[in-house]
Amino acid sequence: MIGVDYGSSTVKWFDGRRFGTGLPEGRGLVVGLSSKTVLVKEAVFPLCKGKQLEKMVLNEVVSDLSVEPSQVAVAFCPAERLEKGCRHLIFVEKRELLDSLPPEVREGSTLTVDLIGALSAVSLLYPEEEVTVVDAGSGKVGFYRVSNSQLKGVEIFRFGFDAFAQRFKSLPLPAVSGRLILIGGGALNEEFVELFKEFSPEIPVVSPFGEQTPLYFNAYGLYHFKKSPCRAAFTQPSLFSSELFQKNRKLFLRAGALVGLSLILLTAAEAIRVKVARDDYLAAKREFREKLSELLGEKVLLPEVQVNQKLTELENLKELLKVNQPSALVYLKAIAESLTGGVKVLEVKGSASSGQFTVVGRFESEEALEAFVSNLKKRFEKVLVSVDGKKFTITLWRVKVGAKEA
């Protein structure tokens, strides 16, 4: 694997041991395109990975930008796991730009964004820290906020560090948090570095690049693309374009022929077993639908749809008929059935919708009141008693439907 920073005026590469400028020879390139032309946006989806998520992301981009799917290339990665789903970082590039790349760059390579290389390098060098990276190139200046190896924010000024320095005082700079790391050509420019002196900027030094580390920082990260917390890629090389396949093409073709021959020679017994299993499944499926049809009183063709519809209808009917809400008469009946000698009820107020009633009255003896309260507790879920002389106030909650008489 070779990391190639293709987003700068000078192409830079790193293969794990050697580094240099210009496009390297060989396959297995991880090419970081310039983030100057890439649109970066965030979106939350209920899924964190999978083919269905790819469709959702593309639909989001196409709808948001009002473009045809064929006009854009989309790369994305989860940035934060939420209670339901994930927050994703989405990178959008024009398809025509990818198609205009030289064949030696486009074919058999992983195409991503140069800022993914910066993120990958930061996650290796500062894995559990909060870091703000300023990538100062000749064509753009990017601010990347990284916390615990997760990309939290991206802001890109689409002009180089020279123009950035000239406009510095008038620019709305993004907030800087944690360590400030300068990379790119601007990190080797004293005037540009001086702009950030209040943040005590750091210029990384990594072997084998030494003082040239800022120039090769992205290429270093792209070389470690497989370890990156975000592996967003516009294209990935297929098996047939890999160097391994090219070197062992005849061997792969022979192995493929043997596999094909083995499939053709599948025994008749296996074929019959598959057919029997399929017939059993179809018979069970028909029986299942027939039973559902009997239960629902209608012909069932799509169980997963019709059963949900029937459940919704029953829920609506239950709400309409107030099945679980006793009427006020039930409350009054329960109070009346709880009365004992020596207790006189003066007032009853409340509502069935709230499930709460208040009973006000008088009692002749403590024993009479205790017997009345005891009967109420058998018929209500909660009973609260307040006594003032020979007068009582009892608050009742939620009658027990079907409670037996005391």
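The values are calculated or read from the model by the stated rules, or taken from the named source; none is laboratory data. Note that the structure is predicted; figures quoted are calculated from it, not measured. We place every Cβ from the backbone using ideal geometry, glycine too, and count neighbours over all the protein chains shown.
Of all residues in the stretch 17-45, those that are farther than 19 Å from E107 by Cβ, of a type in the set (G, A, S) and within 33 Å of the chain's Cα centre (by Cα) total 3. Considering the conditions (1) surrounded by fewer than 17 Cβ atoms within 10 Å (Cβ to Cβ); (2) within 20 Å of L188 (Cα to Cα); (3) in contact (Cβ under 8 Å) with a residue 60 or more places away in the chain, E107 is excluded by exactly one of them, (2). Within the stretch 164-175, identify whether any single residue is under 21 Å from S8 (Cα atoms) and in contact with a strand residue (DSSP E or B) (Cβ under 8 Å, 6 or more places away or on another chain), and answer yes or no. Scanning the stretch 164-175, I find at least one residue that is under 21 Å from S8 (Cα atoms) and in contact with a strand residue (DSSP E or B) (Cβ under 8 Å, 6 or more places away or on another chain), so the answer is yes. Restricting the stretch 340-372 to residues that are crowded, with 18+ Cβ neighbours inside 10 Å and farther than 12 Å from R398 by Cβ leaves a set whose member that is nearest to the chain's Cα centre (by Cα) is V359.
Being touching a residue at least 12 places away in the same chain (Cβ under 8 Å), out of contact with any Leu (no Cβ under 7 Å at 6 or more places or on another chain), among the polar types (S, T, N, Q) and assigned by TED's automatic domain parsing to the domain that holds G137 is not true of Q52.
Surrounded by 11 or more Cβ atoms within 10 Å (Cβ to Cβ), modelled with pLDDT under 70 and not small (G, A, S) - does that describe any residue in the stretch 279-288? No, the stretch 279-288 contains no residue that is surrounded by 11 or more Cβ atoms within 10 Å (Cβ to Cβ), modelled with pLDDT under 70 and not small (G, A, S).
Taking the conditions exactly as written (more than 15 Å from L384 (Cβ to Cβ), of a type in the set (G, A, S) and buried (at least 16 other Cβ atoms within 10 Å of the Cβ)), does A334 satisfy them or not? Please lay out each step first, then the result.
Numbers: more than 15 Å from L384 (Cβ to Cβ): yes; of a type in the set (G, A, S): yes; buried (at least 16 other Cβ atoms within 10 Å of the Cβ): yes.
Yes.
As a summary of the residue check, N218 satisfies the conditions (1) assigned by TED's automatic domain parsing to the domain that holds P24; (2) modelled with pLDDT under 90 except for the one numbered (2).
Would you confirm whether any residue within the stretch 370-388 is hydrophobic (A, V, I, L, M, F, W, C), in a strand (DSSP E or B) and in contact (Cβ under 8 Å) with a residue 40 or more places away in the chain?
The first filter runs over the stretch 370-388 and keeps only residues hydrophobic (A, V, I, L, M, F, W, C), leaving 371-373, 376, 380, 383-385, 387.
Subset that is in a strand (DSSP E or B): 380, 383-385, 387.
So of that shortlist, the ones also in contact (Cβ under 8 Å) with a residue 40 or more places away in the chain come out as 380.
Among the residues of the stretch 370-388, at least one is hydrophobic (A, V, I, L, M, F, W, C), in a strand (DSSP E or B) and in contact (Cβ under 8 Å) with a residue 40 or more places away in the chain, which makes the answer yes.
Close Cβ contacts (under 6 Å, 6 or more residues apart or on different chains) running from residues in the stretch 80-92 that are farther than 9 Å from E42 by Cβ and among the hydrophobic types (A, V, I, L, M, F, W, C) to residues that are modelled with pLDDT of 90 or more and in a loop (DSSP other than H, G, I, E, B) comprise F91/V38; F91/A232. Among the residues of the stretch 123-139, those identified as in contact with a Phe, Trp or Tyr (Cβ under 8 Å, 6 or more places away or on another chain) and hydrophobic (A, V, I, L, M, F, W, C) are V133, V134, A136.
Can you tell me which residues in the stretch 303-336 are among the small types (G, A, S) and either outside any helix (DSSP H, G or I) or modelled with pLDDT under 70 (or both)? Once the filter is applied, which keeps residues that are among the small types (G, A, S) and either outside any helix (DSSP H, G or I) or modelled with pLDDT under 70 (or both), the stretch 303-336 yields only S327. Could you tell me which residue of the stretch 148-197 is farthest from P214 (Cα to Cα), considering only residues that are among the aromatic types (F, W, Y) and assigned to a loop (DSSP other than H, G, I, E, B)? The extreme case among them is F159.
Scanning the stretch 119-175 for residues that are under 17 Å from E194 (Cα atoms), surrounded by fewer than 22 Cβ atoms within 10 Å (Cβ to Cβ) and either over 25 Å from the mean Cα position of the chain (by Cα) or without any contact (Cβ under 8 Å) to a residue 12 or more places away in the chain (or both) yields G160, D162, A163, F164, A165, Q166, R167, F168, K169, S170, L171, L173. Across the stretch 72-90, what is the number of residues that are assigned to a loop (DSSP other than H, G, I, E, B) and not small (G, A, S)? So the count comes out to 3.
Rundown of residues vs (1) farther than 28 Å from A79 by Cα; (2) among the β-branched types (V, I, T); (3) at pLDDT below 90, yes/no style:
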{"residue": "D114", "(1), (2), (3)": "no, no, no"}
{"residue": "S123", "(1), (2), (3)": "no, no, no"}
{"residue": "G137", "(1), (2), (3)": "no, no, no"}
{"residue": "I156", "(1), (2), (3)": "no, yes, no"}
{"residue": "L173", "(1), (2), (3)": "no, no, yes"}
{"residue": "V193", "(1), (2), (3)": "yes, yes, no"}
